[in-house]
1. Only residues in the range 3-30 that are touching a residue at least 60 places away in the same chain (Cβ under 8 Å) count as the first member; pair them with residues that are acidic (Asp, Glu), Cβ under 9 angstrom, at least 6 apart or cross-chain, and list the lot.
2. Arg88 versus (1) buried (at least 16 other Cβ atoms within 10 Å of the Cβ); (2) out of contact with any Lys or Arg (no Cβ under 7 Å at 6 or more places or on another chain); (3) in a loop (DSSP other than H, G, I, E, B): which is the lone unmet condition?
3. If I ask for residues that are aliphatic (A, V, I, L, M), within 19 Å of the chain's Cα centre (by Cα), more than 21 Å from Thr32 (Cβ to Cβ) and in a helix (DSSP H, G or I), which ones from the range 103-153 would you list?
4. Filter the range 27-51 down to the residues that are part of a helix (DSSP H, G or I) and either of a type in the set (Ser, Thr, Tyr) or touching a strand residue (DSSP E or B) at 6+ places or on another chain (Cβ under 9 Å) (or both), then identify the one that is surrounded by the most Cβ atoms within 10 Å (Cβ to Cβ).
5. Right, Met122: farther than 26 Å from Leu17 by Cα, of a type in the set (A, V, I, L, M, F, W, C) and surrounded by 15 or more Cβ atoms within 10 Å (Cβ to Cβ) or not?
6. Which of the residues belonging to the range 2-26 are at pLDDT below 95, aliphatic (A, V, I, L, M) and not in a loop (DSSP other than H, G, I, E, B)?
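The values are calculated or read from the model by the stated rules, or taken from the named source; none is laboratory data. On a predicted model such as this, the values are computed, not experimentally measured, just so you know. Quick reminder, even Gly has a Cβ in these numbers, built from the backbone with ideal geometry, and neighbours come from all protein chains shown.
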Amino acid sequence: MFNAVELKVPPLALVFLFGALMWLVSAYSRFTIALPWRSTFAVIFFTVGSAIVLAGVLTFRRMKTTVNPLTPEATTTMVTSGIYRFTRNPMYLGFFLVLVGWAIYLSNLPAFVFLPLFVWYMNRFQILPEERALGTKFSEAFTRYKRSVRRWI
């Protein structure tokens with residue numbers, strides 16, 4: 001049943017969906033929290049997250065491999081350089097940080113609940129299927145890479 005959802009929703013669309021859900025619960029929730037410097041911290045998280053996403057995309061482009069997360073089997077090269085030396089999923093990490101910035105900006109407790117849900121969804125329905133495809137395609141090289149570089153940070 002769950003396999004039918006794997007690799008079906010573009011991660012960027014998920015960021016917008018989760019962001020909209022966070023805004024919606026914030027609009028109707030009374031659990032607002034006072035966060036000093038919230039706008040500053042929100043911009044910092046948004047900027048750092050966006051930069052990490054961009055670094056991941058540019059590294060893929062430089063290596064001339066697909067950026068499409070819905071077709072990991074179309075990958076032509078295993079990318080382990082650049083930001084991929086520090087995280088196996090910089091684009092997803094960057095999206096997460098953007099959502100953290102959004103949650104900080106909203107300053108509403110229920111909005112923060114969506115952050116672990118985003119991580120869970122990405123791990124289960126995006127990252128694990130990608131890793132299966134990369135493991136099949138690059139076998140031992142991918143296994144070594146997985147042992148040496150963390151999934152998120």
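1. Leu7/Glu130
2. Result: Arg88 passes all but (2).
3. Of the residues in the range 103-153, the ones aliphatic (A, V, I, L, M) are 103-104, 106, 109, 111, 113, 115, 117, 119, 122, 127-128, 133-134, 141, 149, 153.
From what is left, the residues that are within 19 Å of the chain's Cα centre (by Cα) are 103-104, 111, 113, 115, 117, 119, 122, 127-128, 133-134, 149, 153.
Subset that is more than 21 Å from Thr32 (Cβ to Cβ): 119, 122, 127-128, 133-134, 149, 153.
Residues satisfying the conditions are Val119, Met122, Ile127, Leu128, Ala133, Leu134.
4. Residue satisfying both the conditions and the ranking: Ser50.
5. When the stated conditions are applied, Met122 does not pass them.
6. Ala4, Val5
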